[in-house]
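All remarks here apply to the structure that follows.
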Amino acid sequence: MKLSVVTTLYKSERFVEEFYSRIVIVVKEITDDYEIVFVNDGSPDSSNKKVLQLKEIDNNIKLIELSRNFGHHKAVMTGLNFVDGAYVFLLDIDLEEPPEILRDFFKKLNSENNIDVVFGIQKQRKGKFFERKSGQFFYKIFNLLSEIKIPENILMARLMKRSYLNALIKYSEKELFLAGVFAMVGFRQESIVISKGSRPDTSYTFRKRMSLLVNAITATSNRLLVYVFYLGLFVSFTSFFGLIYFTIRAVFYQEYLKGWPSIIISIWFLSGLILISMGILGIYMSKIFSEVKQRPLTIISKIYE
């Protein structure tokens, strides 16, 4: 098989028909040997029924139903494990990224022999003020704290060669941040600037964005643990020199520190550092707990192919 298209379903019934009608036109311009893989990530609507109706007219459609909602990134990795194409095109179904970008991706991927992946980025993040600023904050903090650097405003859309995909699916961790994993795999990856739409009904609240940031950093880097160690050293040395300073003042100048505010502030400061450090350690320990249990990434209830 030459080309596989992978997308996920979650509250996506209003997008299924238009997505299929647009993507299949581009796919058939490239090859008649293709498959379109839909992964139903426990969608509560009729997304799977829409796909099954399309499957009646196009036998190249494959539907993978998960037993419940496992999350977007895990559903994507499940779909990537069940494709047969020499080229694999990954795209979200919500049409914010136009399916027609496959033309440009395929052309660029085959313009040079040593390109393994072509992925999309936004020149400027779309959405309202909060969405733009929170996105900028996410990438700056992630690239500051992680050994793996990712381009700002990177998108899920990407076209991959089989050699890259075979390396990608070897990553079996349960705590997934796909943008980081995509970068960790390596190979030669080139970007294309594309125009992405913005939907007002996005489910990414501030709480979810912060949760994604914490998961992204702790899933791809141990720098937070190193920084906590250095922070502890800094506080210890500062306290040590402060002790020497006040001891000299007390012994030689008979100047004693009066009042309790400085003591209370010091207690609060050190207590805060201890709680932050314990929280960071707890996050990493929870990830170790999830990994060592070796639970499956997702559970597949049925495959229509």
When only DSSP loop residues count, what trypsin sites (Lys or Arg not before Pro) in region 1-69 have their Cβ near at most 10 other Cβ atoms within 10 Å? 68
If each residue of separation counts as 0.36 nm, what is the full-extension length gain between residue 237 and residue 25 once their alpha-carbon separation is subtracted? 69.7 nm
Provide the FRET efficiency to the nearest 0.05 for the residue 58-residue 171 pair, computing r from the beta carbons and using R0 = 25 Å. 0.20
Diffing region 276-282: the Karplus 3J(HN,Hα) column from phi (6.51, -1.76, 1.60, θ = phi - 60°), in whole Hz with x for Gly and Pro, holds 4, 4, 5, x, 5, 4, x
Output the pairs from 50/174; 28/161; 49/302; 149/170; 149/196; 2/170 with a Cα-Cα distance over 24 Å in this structure; if there are none, say none. 50/174
List the residues whose amide H sits under 5 Å from the amide H of residue 93, counting only those 5 or more places along or on another chain, with H placed 1.01 Å from N in the peptide plane. 8
Please compute the net charge surrounding residue 32, taking Lys and Arg as +1 and Asp and Glu as -1 over other residues with Cβ under 12 Å from its Cβ. -2
Paramagnetic reach from residue 46 in region 1-40 [backbone N under 19 Å; point 7 Å along Cα→Cβ]: 9-21, 40
For region 229-234, just list the computed ³J(HN,Hα) in residue order, Karplus coefficients 6.51, -1.76 and 1.60, θ = phi - 60°, integers in Hz, with x standing in for Gly and Pro. 4, 5, 5, x, 4, 4
Multiply the residue gap between residue 86 and residue 69 by 0.36 nm, knock off their C-alpha separation, and tell me the result in nm, one decimal place. 3.3 nm
Once amide H atoms are built 1.01 Å from N in the peptide plane, which residues 5 or more positions from residue 31, or in another chain, come under 5 Å H to H? none
Which ³J(HN,Hα) values in Hz, rounded to whole numbers, follow from the phi angles of region 70-84 under the Karplus curve 6.51 cos²θ - 1.76 cosθ + 1.60, where θ = phi - 60° and Gly and Pro get x? 9, x, 4, 5, 5, 5, 4, 4, 4, x, 5, 7, 10, 10, 10
Amide H contacts under 5 Å for residue 37, restricted to residues at least 5 apart in sequence or on another chain and with H modeled in the peptide plane, are 5, 6, 7, 62
Chain lengthening between residue 32 and residue 267 when straightened (0.36 nm per residue, less Cα-Cα): 77.6 nm
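FYI, it's all coordinate maths here, none of it is from the lab. This structure is a prediction, so every number in the text was calculated from the model and none was measured. Because the Cβ atoms are built from the backbone with ideal geometry, glycine has one as well, and the counts that use them run over all protein chains shown.
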